[in-house]
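One structure is given below, encoded as structure tokens.
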Amino acid sequence: MKIDIDVPDGISGIWKVETFIVSEDGAKFASMRAAFHGGRGSLPAGEYKRLYRGKTLVMSNTPDEIRDFMHFVYNAHGSVLINGLGLGVLLKALLNKPEITDITIIEKSEDVIKLVAPTYLIDKRLTIINADAFTYIPQKGKRFNFVWHDIWDYITSNNLPEMSKLHRKYGTKCDYQDSWCKAQCKQSY
């Protein structure tokens, strides 16, 4: 699955959005390497975007990254809260669903908001708030049908305590919630 995004390349502070191309040869090599890793890591040829914080690759719109949240997209409806804007790949997929009534994004980095938000703010269902997911307080009486937490750079069991903290914090304010790569983090525990 591929989700094309229209976020322009750019730099703000230590954050950078850039386009990258995977050639046919690069795709073949990625497929061979993926065969040794249970199929993960295969990358079709094409044009993609990636987001860096300094020298750390935070995310991209590659199929492996998208695969990790598609179960959430398929089920989501109504009011949605997302902790972490990133490139807005999940956001774009959700905005394509008419059954989504509103989306609130909590993003800690003003620079990420400057780089990414203008692409999506044309949709009236979207609100982006510059805040920390751990300290943000939703509007009194606001309830979300679905909540997604995606604020980590790496898949590691070290994320589990923060995931648990967020799940406790938002648990009484939503019908369903999940975190990026939670199952993989539990497997590496």
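Where does the charge balance sit around C174 when Lys and Arg score +1, Asp and Glu -1, over other residues with C-beta under 14 Å from its C-beta?
+2
Using the Cα centre of the stretch 96-189 as the reference point, and only Cβ charges (+1 on K/R, -1 on D/E), how large is the resulting charge dipole? Debye, rounded to the nearest 20.
400
Could you work out how far helix 110-120 tilts from the main Cα principal axis of the chain, as a 0 to 90 degree angle to the nearest 10?
Once rounded, one gets 90 degrees.
Take every DSSP beta bridge whose two residues both sit in the chain, then give the antiparallel share in percent to the nearest 5.
45
Grab the DSSP H runs of the chain that are 4 residues or longer, score each as -39,500 (n - 2.57), total them, divide by all residues and round the 222 nm result to the nearest 500 deg cm²/dmol.
Rounded to the nearest 500, it is -8500 deg cm²/dmol.
What shape does the stretch 39-97 take by its C-alpha gyration tensor, where a ≥ b ≥ c are the square roots of the eigenvalues and a/c under 1.5 counts as rounded, a/b above b/c as prolate, and the rest as oblate?
oblate
Which entry in (i) 11.6; (ii) 10.9; (iii) 32.8 matches mean projected area of the Cα convex hull in nm² derived from the coordinates of this structure?
(ii)
Straight-line reach only, C-alpha to C-alpha below 14 angstrom: list the aspartates and glutamates that K16 could link to, leaving out same-chain residues fewer than 8 apart.
Here the aspartates and glutamates satisfying the reach criterion relative to K16 are E110, D111.
Under a GNM of the chain (C-alpha, springs under 10 Å), which listed residue has the highest mean-square fluctuation: G54, G78, G88?
Maximum fluctuation in the GNM of the chain, among the listed residues, is at G54.
Using modelled backbone amide H atoms (1.01 Å from N, in-plane), which distant-in-sequence or interchain residues come within less than 5 Å of V58's amide H?
L51, Y52, R53
Which one of F72, F144, F20 has the biggest mean-square fluctuation once the chain is modelled by GNM with Cα springs under 10 Å?
F20
Would you mind calculating the relative contact order of the stretch 67-187 from Cα pairs under 8 angstrom and at least 6 residues apart, reporting the percent as a whole number?
It rounds to 28 percent for the stretch 67-187.
Are there any trypsin sites (Lys or Arg not before Pro) in the stretch 105-150 that are in a DSSP loop and have at most 10 other Cβ atoms within 10 Å? List them by number.
Passing sites in the stretch 105-150 are K124, K140.
Amide H neighbours of L126 under 5 Å, counting only residues 5+ apart in sequence or on other chains, H built in-plane at 1.01 Å?
Result for L126 returns I103.
We did not get these values from a lab; they are worked out from the coordinates using the rules stated. Since this is a predicted model, take the numbers as computed values, not measurements. We place every Cβ from the backbone using ideal geometry, glycine too, and count neighbours over all the protein chains shown.
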